[in-house]
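Encoded as C-alpha cells, the structure appears first; notes follow it.
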Amino acid sequence: MMAPILRVSLFTTLFLVTLSGCGGADRPATLSLVDHPAPPGATFPDLATQPDGTVVLSWLTPPTDDTPGRVQIARRLKSGWQPTTTVAEHARLFVNWADFPRLGIDRTGEILVSYSRDETRAKFGQRIQVVRGNADGTTWQSPLSLHESQPPAEYGFVSMSPAEGLQHIAWLDGRDTVQGGTGKMQLRVLNWPTNDEASDGQLLDPDVCSCCQTAMTTTDDGMLLAYRDHTPAEIRDIAVIRQTETGWTSPAVVHDDRWKIAGCPVNGPALDSSAQRVALAWFTQADDQPRVKLAISEDGGRSFAEPIVLPDEDPVGRVSVRILSDGRVVVVWLRRGASNGEIVLGGIDPDGDPMEVQVLGEASPQRRSGFPRSTRVNDALWVAWTIGGRDALKVVEVRF
C-alpha cells in the first residue's frame, strides 16, 4: 500500500548527520558480561523489562529427532536468575532466524510470549500462538491462537505493546497469499483480551513487505506501530500507523528512502518511546548504500524529524532501539567486521549529538545469528544475541 509521507514539524527537526567514521566526544560505554541460564543449543533470544526492573530473557531450543522444541524464559531478580520456565513445548515448533518468539510485558508486569507452530510441515503453514503468564512466570493461561479460522499460510513477525489493561498484538498475515487470494501480505492488529474470540484481528494495511519484523510501542496518546510497507513499484520504505480515540490512522511513510527491491529484505524497524518522545530505527539500502537510520518524534509519532544516518560503512541492519533514562537514544545493530560480524551500538547522546559507535561483541553476519535484542534496565541497557547460530547466547549489560 502506498502511504503518504509524514510531514516534519519545525520544532522537532534534527540536522542530517552522515559520518564516515566514529564521531562524537562521548565516553565509551562500560560493558559487563551477564551469565544466563539458557542451555547449549539455545538460540534467537528476546529481552523485556517488567515495571519493577526485573529482566525477562526468552530463547528457543530447536526440536531434534529425540526432543521437542521449547520456548523458555527466565527472570533476573537482584538476587539472581529464577528457575527456567518452559512456556511452550512442541514437536512442530516453528524455528526461523528472523521470525522468532517475542516477549511482551503488561503494565502490571504480566508476561506475554508469542511463538509459532508448523501446522502443515509445508513451507508456509504456521499458526501464531500467544500465551499469557503472571508476573512471576509461574502460571500460564491457555494459548490464544491467531487467525484460527484461516487456511494454512505464512503468519508471523509479531509485536506487542500494552495500553490501559489491553495487550495489542500486531502481525503479518498471509491469508491473501494462498490460492485465490491477491498474493499480498497483510498487516493486522488485535486487542487482547477484549476481543480474543475475534482472533482474525483488524486489517490495517492490505499490502506490506512480506517478512520484515513489525514494531510497536506505547506513547501517552496510544499505540504506535511501525513496519516495512510495500508499493506496486516494489518500493519498501518504513511506515507508521497511530492509534487514536477514533481508531487507527492510515499508514504514513516516515522518510522517502525509495528503496526499490524485488523481494523482502527481512530487515524490519525498531521502536521505543518515553511519554511523547519516540525513537524509530531502521535499515535501508536505497541507491545500493547500506545505512542504519534513526528518526526522533517529539509528538507521539505524528511527525518525525529528518533521520540521522548512523556512522557505519558496512551495516547488515537487524536493528534494536532504546531511549534511556538520561535521554540518550541507543541503537544496536549488526555489521560486517574485518573477519566476522559485529554487534555494535550507536545513537545520540542526551544533548542530541551523535555517539561514538562501539563494538559489543562478535556475531556471524549470516542468517544463523538472528537479530540482536535489547531492553532498558533502570539507567543501563541489556543486549542479547546469538553467537554464530546454535553455539551460545551472549548477554551484556551496557552502562554509560
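The values are calculated or read from the model by the stated rules, or taken from the named source; none is laboratory data. Worth saying up front: this structure is predicted, and the values here are computed from it rather than measured. Cβ: placed from backbone, ideal geometry, glycine included. Neighbour counts: every protein chain shown.
Scan segment 309-324 and tell me whether some residue there is buried (at least 20 other Cβ atoms within 10 Å of the Cβ), over 17 Å from Val383 (Cβ atoms) and in contact (Cβ under 8 Å) with a residue 12 or more places away in the chain.
Let us first name the residues in segment 309-324 that are buried (at least 20 other Cβ atoms within 10 Å of the Cβ), namely 310-312, 315-324.
With the extra rule that they be over 17 Å from Val383 (Cβ atoms), the set shrinks to 311.
Subsequent filtering for residues that are in contact (Cβ under 8 Å) with a residue 12 or more places away in the chain retains 311.
Yes; the residues of segment 309-324 include at least one that is buried (at least 20 other Cβ atoms within 10 Å of the Cβ), over 17 Å from Val383 (Cβ atoms) and in contact (Cβ under 8 Å) with a residue 12 or more places away in the chain.
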### Query
Restricting the first residue to segment 79-93 and requiring it to be within 17 Å of Pro37 (Cα to Cα), which pairs with a second residue that is surrounded by 12 or more Cβ atoms within 10 Å (Cβ to Cβ) and of a type in the set (D, E, K, R) meet a Cβ separation below 6 Å and a spacing of at least six or different chains?
Gln82/Arg75; Thr86/Arg70
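Among Leu190, Leu203, which is assigned by TED's automatic domain parsing to the domain that holds Val158, of a type in the set (A, V, I, L, M) and surrounded by fewer than 21 Cβ atoms within 10 Å (Cβ to Cβ)?
On the way: Leu190 fails: surrounded by fewer than 21 Cβ atoms within 10 Å (Cβ to Cβ).
Result: Leu203 is the single residue among Leu190, Leu203 that is assigned by TED's automatic domain parsing to the domain that holds Val158, of a type in the set (A, V, I, L, M) and surrounded by fewer than 21 Cβ atoms within 10 Å (Cβ to Cβ).
Scanning for something within 19 Å of Gln213 (Cα to Cα), assigned by TED's automatic domain parsing to the domain that holds Ala305 and at pLDDT below 85, does segment 4-12 turn up at least one residue? Show your work before the answer.
Let us first name the residues in segment 4-12 that are within 19 Å of Gln213 (Cα to Cα), namely none.
Within segment 4-12 (the criterion being within 19 Å of Gln213 (Cα to Cα), assigned by TED's automatic domain parsing to the domain that holds Ala305 and at pLDDT below 85), the answer is no, since none of the residues qualifies.
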### Task
Kindly list the number of the only condition in (1) of a type in the set (S, T, N, Q); (2) within 21 Å of the chain's Cα centre (by Cα); (3) modelled with pLDDT of 85 or more that fails for Gln126.
(3)
### Task
Have a look at Glu164, Glu154 and point out the one that is within 22 Å of the chain's Cα centre (by Cα), surrounded by 14 or more Cβ atoms within 10 Å (Cβ to Cβ) and of a type outside the set (A, V, I, L, M).
Glu154
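Filter segment 54-76 down to residues that are in a loop (DSSP other than H, G, I, E, B) and modelled with pLDDT under 95 and give me whichever is surrounded by the most Cβ atoms within 10 Å (Cβ to Cβ).
Residues of segment 54-76 that are in a loop (DSSP other than H, G, I, E, B), as a first pass: 54, 62-68.
Checking which are modelled with pLDDT under 95 leaves us with 62-68.
Working: Pro62: 16, Pro63: 18, Thr64: 10, Asp65: 4, Asp66: 5, Thr67: 12, Pro68: 15.
Among them, the one singled out is Pro63.
Please work out which residue is nearest to the chain's Cα centre (by Cα), limiting yourself to segment 253-275 and to residues that are of a type in the set (Gly, Ala, Ser) and more than 15 Å from Asp299 (Cα to Cα).
Checked segment 253-275; the qualifying residue nearest to the chain's Cα centre (by Cα) is Ala270.
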### Query
Pairs, please: C-beta under 6 Å, at least 6 apart or cross-chain, first residue closer than 16 Å to Val321 by Cα and in segment 269-286, second part of a strand (DSSP E or B) and basic (Lys, Arg)?
Asp272/Arg322; Trp282/Lys293; Thr284/Arg291
### Task
Tell me, yes or no, whether segment 352-359 has at least one residue that is surrounded by fewer than 17 Cβ atoms within 10 Å (Cβ to Cβ), under 17 Å from the mean Cα position of the chain (by Cα) and not β-branched (Val, Ile, Thr).
no
#### Entry: Top-ranked residue of segment 203-222 - restricted to ones that are in contact with a Lys or Arg (Cβ under 7 Å, 6 or more places away or on another chain) and closer than 16 Å to Leu271 by Cα, ranked as modelled with the lowest pLDDT
Gly222
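Please go through segment 383-395 and pick out each residue that is in a strand (DSSP E or B) and either crowded, with 18+ Cβ neighbours inside 10 Å or basic (Lys, Arg) (or both).
Let us first name the residues in segment 383-395 that are in a strand (DSSP E or B), namely 383-387, 392-395.
The answer is Val383, Ala384, Trp385, Thr386, Ile387, Leu393, Lys394, Val395.
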## Note on the structure
Residue hits (segment 344-382; of a type in the set (A, V, I, L, M) and in a strand (DSSP E or B)) are Val344, Leu345, Ile348, Val359, Leu360, Ala363, Val377, Ala380, Leu381
## Note on the structure
Residue set Gly341, Gly317, Gly370, Gly389; condition modelled with pLDDT under 95 and under 17 Å from the mean Cα position of the chain (by Cα); output residue Gly370
### Query
Within segment 37-51, is even one residue surrounded by 18 or more Cβ atoms within 10 Å (Cβ to Cβ), in contact (Cβ under 8 Å) with a residue 60 or more places away in the chain, among the hydrophobic types (A, V, I, L, M, F, W, C) and in contact with a Gly (Cβ under 6 Å, 6 or more places away or on another chain)?
yes
## Note on the structure
Checked segment 39-66 for anything in contact with a strand residue (DSSP E or B) (Cβ under 8 Å, 6 or more places away or on another chain) and over 20 Å from Ala380 (Cβ atoms); matches are Pro39, Pro40, Gly41, Ala42, Thr43, Phe44, Trp59, Leu60, Thr61, Pro62, Pro63
#### Entry: Number of the condition not met by Ser114 [criteria: (1) closer than 18 Å to Phe157 by Cα; (2) of a type in the set (Gly, Ala, Ser); (3) in a loop (DSSP other than H, G, I, E, B)]
(3)
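May I ask you to say which residue of Ala74, Ala48, Ala88 is within 23 Å of Ser374 (Cβ to Cβ) and touching a Phe, Trp or Tyr at 6+ places or on another chain (Cβ under 7 Å)? Before you say what the answer is, go through the steps one by one.
Numbers: Ala48 fails: touching a Phe, Trp or Tyr at 6+ places or on another chain (Cβ under 7 Å); Ala88 fails: within 23 Å of Ser374 (Cβ to Cβ).
Being within 23 Å of Ser374 (Cβ to Cβ) and touching a Phe, Trp or Tyr at 6+ places or on another chain (Cβ under 7 Å) holds for just one of Ala74, Ala48, Ala88, which is Ala74.
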## Note on the structure
Residue count, segment 122-159, condition under 18 Å from Ala88 (Cα atoms), outside any loop (DSSP other than H, G, I, E, B) and among the aliphatic types (A, V, I, L, M), comes to 5
### Message
Going through Asp272, Asp288 one at a time, which residue ends up being modelled with pLDDT of 95 or more, closer than 17 Å to Thr218 by Cβ and either surrounded by 24 or more Cβ atoms within 10 Å (Cβ to Cβ) or charged (D, E, K, R) (or both)?
### Response
Asp272
